[in-house]
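One structure is given below, represented as structure tokens, and several questions about it will come after.
Here, each number is a calculation from the coordinates, and none is a lab measurement. The shown structure was predicted, so the numbers you read here are calculated from the model rather than taken from an experiment. With ideal geometry, Cβ positions are generated from the backbone for all residues, glycine too; neighbour counts draw on all protein chains shown.
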Amino acid sequence: MRLAGRAEDAAALRDAWYLRQAGSDPGPAGTIFGAWRQLAGEPPVATPDRLRKILDQLGLHWDVEALAALCEHIDDLARSGRPAPFAAAAIAARVVAMRPDAELLAWWLADLVLAQSLRWPRPLPLLMAQAFGPSFRAEAGGGKRIRPAERDFERAVCVAFVQAAAEACRLADELSRRAAKLLAVAPKLRAKGAGEAIFLLLNEDAVSGSLTTKNLSRFAARRLFERLQQLDAVRELSGRPTFRLFGL
């Protein structure tokens, strides 16, 4: 969000996405957040149609020929056998060289190409999470941020990848322990629709405290989340007494 010139933090992104009505516009912040959800939700494949949708979400517009050429370049990188961090750096540099105002897309594609090169089934927003981190701060020049295609960018990508992977592994370990605890208390839950709520908690970053499903009323959901809090199986993420959000 900082790269997009916006001020939303993680809490604001959760509100924009999880408190909206089904099918409604999540607003500018939620739309950008949705682009990264889409990145992590599909295989690391770039097609002109997919990139056109992402560009719309990022508020950018390219002509069809440029998108086709970009997808062809991504395919060439996949066949080149270049080490994954260098392939990711190359696509980011290519995008910024073509469109200096498209750095958001550059990082989106860097993580896609990284996953593609490593043959992962799904990408992770690893490099994007490091874009303002110490790896991309120049040692000279007052700590100026190193942007794609600038000097030492490839080296910075390699270091950022290591740091991001370590942070992701720590987060995965923490979430797996919390998920195991949630599953352990599941047999103690009596609410008819508890299974649906648990499925969402295990698959989403957050779930609205006013969740309603076919088998779970809003009142029943509130009672269920309160019970899960008592069992220390979920956390309330918003810090508010109303419009609450729950997650691992």
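So what is the diffusion coefficient of region 189-247 in µm² per second by Stokes-Einstein at 10 °C and 1.306 mPa s, using a Kirkwood Rh over Cα pairs? Provide the component values of the computation, followed by the final result.
Details: Rh = 11.2 Å.
The diffusion coefficient I find is 142 µm²/s.
Scan the chain and report its longest stretch carrying no trypsin sites (Lys or Arg not before Pro) that are both in a DSSP loop and have at most 16 other Cβ atoms within 10 Å.
The longest such stretch corresponds to 21-118.
Pick from 171, 19, 224: which residue has the top mean-square fluctuation in a GNM of the chain where Cα pairs under 10 Å get a spring?
171
Taking the chain as a Gaussian network, where each spring joins two C-alpha atoms under 10 Å apart, which residue of 23, 209, 133 fluctuates the most?
Highest fluctuation among the options: 23.
Per 5 Å bin from zero, what fraction in whole % of the C-alpha pairs of region 1-73 is there, up to the bin with the longest pair?
3, 15, 23, 21, 18, 12, 6, 2
Within the chain, how many lysine pairs that are 8 or more places apart, or on different chains, have C-alpha atoms less than 30 Å apart? Kindly include the intermediate steps, with their values, before the conclusion.
Working: 181/192; 181/214; 188/214; 192/214.
Summing the qualifying lysine pairs gives 4.
Most fluctuating residue of 132, 219, 86 in a GNM of the chain with Cα springs under 10 Å: which is it?
Looking only at 132, 219, 86, the largest GNM fluctuation is found for 219.
With θ set to phi - 60°, apply the Karplus curve 6.51 cos²θ - 1.76 cosθ + 1.60 along region 73-89 and write out the HN-Hα couplings as whole Hz, x wherever there is a Gly or Pro.
The phi angles translate into 5, 5, 4, 4, 5, 5, 7, 6, x, 5, x, 3, x, 6, 5, 5, 5 Hz.
Using the Karplus curve 6.51 cos²θ - 1.76 cosθ + 1.60 with θ = phi - 60°, work out ³J(HN,Hα) for each residue of region 144-155 in order, rounded to whole Hz, and write x for Gly and Pro.
Using θ = phi - 60°, the values come out as 4, 6, 7, 9, x, 6, 7, 4, 6, 5, 4, 4 Hz.
Give the Debye-formula value of log10 I(q)/I(0) at each listed q (0.20 Å⁻¹), with one equal scatterer per alpha carbon of region 147-248, two decimals each.
The calculated log intensity ratios at q = 0.20 Å⁻¹ are -0.94.
Can you list the HN-Hα couplings for region 116-122, worked out from phi with the Karplus curve (6.51, -1.76, 1.60; θ = phi - 60°), rounded to whole Hz and with x for Gly and Pro?
4, 5, 8, 6, 7, x, 9
Moving to a separate point now. Ratio of alpha-carbon Rg to the 2.2 N^0.38 Å globular estimate for the chain, to two decimals, please.
Ratio of Rg to 2.2 N^0.38 Å for the chain: 1.14.
When only C-alpha pairs under 8 Å and at least 6 residues apart count, what is the relative contact order of region 48-199, in percent?
17
For residue 191, list long-range residues whose amide hydrogen, built 1.01 Å from N in the peptide plane, is under 5 Å from its own amide hydrogen.
Distant-sequence amide H within range of residue 191: zero hits.
Using only Cα atoms, tell me the angle between helix 27-41 and the longest principal axis of the chain; keep it within 0 to 90° and round to the nearest 10.
Between helix and principal axis, roughly 80 degrees.
Suppose R0 equals 51 Å; then what is the FRET efficiency for residue 86 and residue 188 from their Cβ-Cβ distance, rounded to the nearest 0.05?
According to the calculation, E is roughly 0.50.
What ranking do 47, 31 get, fewest neighbouring Cβ atoms within 10 angstrom at the top?
47, 31
In region 55-137, with Lys and Arg counted as +1 and Asp and Glu as -1 at Cβ, which of these residues, 96, 116, 74, has the Cα nearest the positive end of the dipole, that is, farthest along it?
Checked the options; the winner is 116.
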